[in-house]
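Visitor: Once you've had a glance at the structure underneath, I'll fire off some questions.
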Amino acid sequence: MINLIPESSKKDVKVEYWCRVIGVWFFLFGTGVLVGAVFFIPTYVLIETQTVGYLTEYGETNEKLEQLPEIETVVNKSNQIASIIMDERENIPALRLLRKVEEVSGEKVSISMVEIRPVGSEEPRMSVSGVAKDRFDLMQFRSDMESSPFFGDIDLPLTQYASERDINFNLLVPLINE
């Protein structure tokens, strides 16, 4: 077909043809870049957010590492205190009282709370709260507590006897100095 075009126009047609071919190639290249960008933007965003997250974690970890010697000192002091307490646990009056309450309670009385006011205070006493399976178990618990050398006479309010089973109780137990 190019043979039918006059010689003077052939040159212009060839230039226009190659301009259009180059234009189409640029258009295809641009479309490819655009499609690639659309596919790679989510990956870029994900990588950026992960990088920011890792950098933040790294900074927090460095801050915690700076605090590590202080924490280590506190833990060592706590361990020393705990070992002293473990060595002296038989000499701690509160632990002996709690063990005695636990020993006396048995299986039929469930202790939910024990509050101790120490012997050095104005009124040395202990408050024991819990649930007894029935009246007999509550009376037995009270008499076993009174028979202990640690506790004085316990007043059991009549309201504690109101129900037959699953009796909620709160006893004020006077403490005796050994």
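The values are calculated or read from the model by the stated rules, or taken from the named source; none is laboratory data. Because the structure is predicted, anything quoted here is derived from the model rather than measured. With ideal geometry, Cβ positions are generated from the backbone for all residues, glycine too; neighbour counts draw on all protein chains shown.
Visitor: Looking at (1) within 30 Å of Arg142 (Cβ to Cβ); (2) under 31 Å from the mean Cα position of the chain (by Cα), which is the only condition Arg96 fails?
Guide: (2)
Visitor: Sticking with this structure for a sec: So how many residues does region 1-48 have that are under 60 Å from the mean Cα position of the chain (by Cα) and not hydroxyl-bearing (Ser, Thr, Tyr)? Full working, then the answer.
Guide: As a first pass, look at region 1-48 and keep what is under 60 Å from the mean Cα position of the chain (by Cα): 26-48.
Among the residues that remain, those that are also not hydroxyl-bearing (Ser, Thr, Tyr) are: 26-30, 32-42, 45-48.
Total meeting the criteria: 20.
Visitor: Among Leu34, Leu46, Leu95, which is of a type outside the set (Asp, Glu), assigned to a helix (DSSP H, G or I) and assigned by TED's automatic domain parsing to the domain that holds Asp166?
Guide: Details: Leu34 fails: assigned by TED's automatic domain parsing to the domain that holds Asp166; Leu46 fails: assigned by TED's automatic domain parsing to the domain that holds Asp166.
None of the other options fit; the residue is Leu95.
Visitor: While we're looking at this one, here's another question. Can you name the residue in region 111-149 that is in a loop (DSSP other than H, G, I, E, B) and at pLDDT 80 or above and, of all such residues, is surrounded by the fewest Cβ atoms within 10 Å (Cβ to Cβ)? Before the answer, list the steps.
Guide: We begin by selecting, within region 111-149, every residue in a loop (DSSP other than H, G, I, E, B); these are 118-124, 147-149.
Add one more test, that the residue is at pLDDT 80 or above, and what stays is 147-149.
Values: Ser147: 9, Ser148: 15, Pro149: 7.
The residue in question is Pro149.
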